Amino acid sequence: LYQAMQRRWPGTTMDYATLWQWSIDYPDQFWDWLWHEAGVIGDNASAVVVRNATAMPGAQWFPDAQLNYAENLLQRNDDGDAIIYWGEDQLRRRYSFTQLHAAVSQLQQAFQAAGVGCGDRVVGLLPNSPYAVIAMLATSALGAVWSSASPDFGVQGVRDRFGQITPTVLIATDGYFYSGKWYDCGEKSSSNCCTTAIADPCGYRPLRR
């Protein structure tokens, strides 16, 4: 931030305390500057940066702005590493930004074919893995809402969690590793596909491939 401020205001003497004080005294100026300096992609045509700034909770930041989370995270599209995944000592995956773009696009199109649109809910019964990231980004790209649960949840726990938001699509894994042991989730995933209030059958993601 210091370097960015030097570019914007050459000769400015700025330390951490001064920067912090500016953000407190003039939050609208600070956050409007940071929005543009950080290269956020979005529609921020309104001059309103914050409403009810002193209300905590209750403050509304960029109340009229619109942006897409996936669009901002996927600004890069090159061979640099986007995801390096090592699942215990069992699985290794590596995605470049180009590969991540392709994977997200593929799943986004599948979601669209399943009827997912803006405001719909997509849920994942997935471990922390690249597949969860890809599913979240594909969901966000459509303006839909993503929710997930760990595959070690019991069947009833998954139903209670996902049933509240009436998802359009459930995407599930076949299992997961924990402490070097493989836990099969095939029956659990199939059960939740049939009993959770979803509009379409689930996507099935074999983790070990």
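The values are calculated or read from the model by the stated rules, or taken from the named source; none is laboratory data. Note that this is a predicted model, so its numbers are computed, not measured. Note that we place each Cβ from the backbone using ideal geometry, even for glycine, and neighbour counts take in every protein chain shown. Note: accessible area is taken over every heavy atom of the protein model, side chains too, but ligands, DNA and RNA are not part of it. Shrake-Rupley method; radii C 1.70, N 1.55, O 1.52, S 1.80 Å.
List of remarks:
- Ordering Glu37, Glu71 by accessible surface, largest first, gives Glu71, Glu37; the 1.4 Å probe counts only protein heavy atoms, with every chain in place.
- Average Cα contact separation per residue, the chain, under 8 Å, 6 or more apart, as relative contact order %: 14 percent
- Cα-projected label distance for Leu19 with Thr166, points at 7 Å along beta-carbon direction, nm: 4.7 nm
- Normalised by residue number, the volume inside the convex hull of the Cα atoms of segment 50-143 is 151 Å³ per residue.
- Think of a 1.4 Å ball rolled over the protein heavy atoms: segment 1-79 then has 72 Å² of accessible area per residue.
- Spherically averaged projected area in nm², based on the convex hull that wraps the Cα atoms of the chain: 15.2 nm²
- Between Ser148 and Gly124, the built amide H atoms are under 5 Å apart, and every one of these is 5 or more places off in sequence or on another chain.
- Its residues counted as N, segment 1-119 yields a C-alpha radius of gyration over 2.2 N^0.38 Å of 1.45.
- Of the solvent-accessible surface of the chain, computed with a 1.4 Å probe over protein heavy atoms with every protein chain present, carbon and sulfur atoms account for 51 percent.
- Helical segments meeting 20 Å axial Cα length and Kyte-Doolittle 0.0 threshold in the chain (DSSP H): 97-113
- From the alpha carbon centroid of segment 39-91 to that of segment 134-168 is 20 Å.
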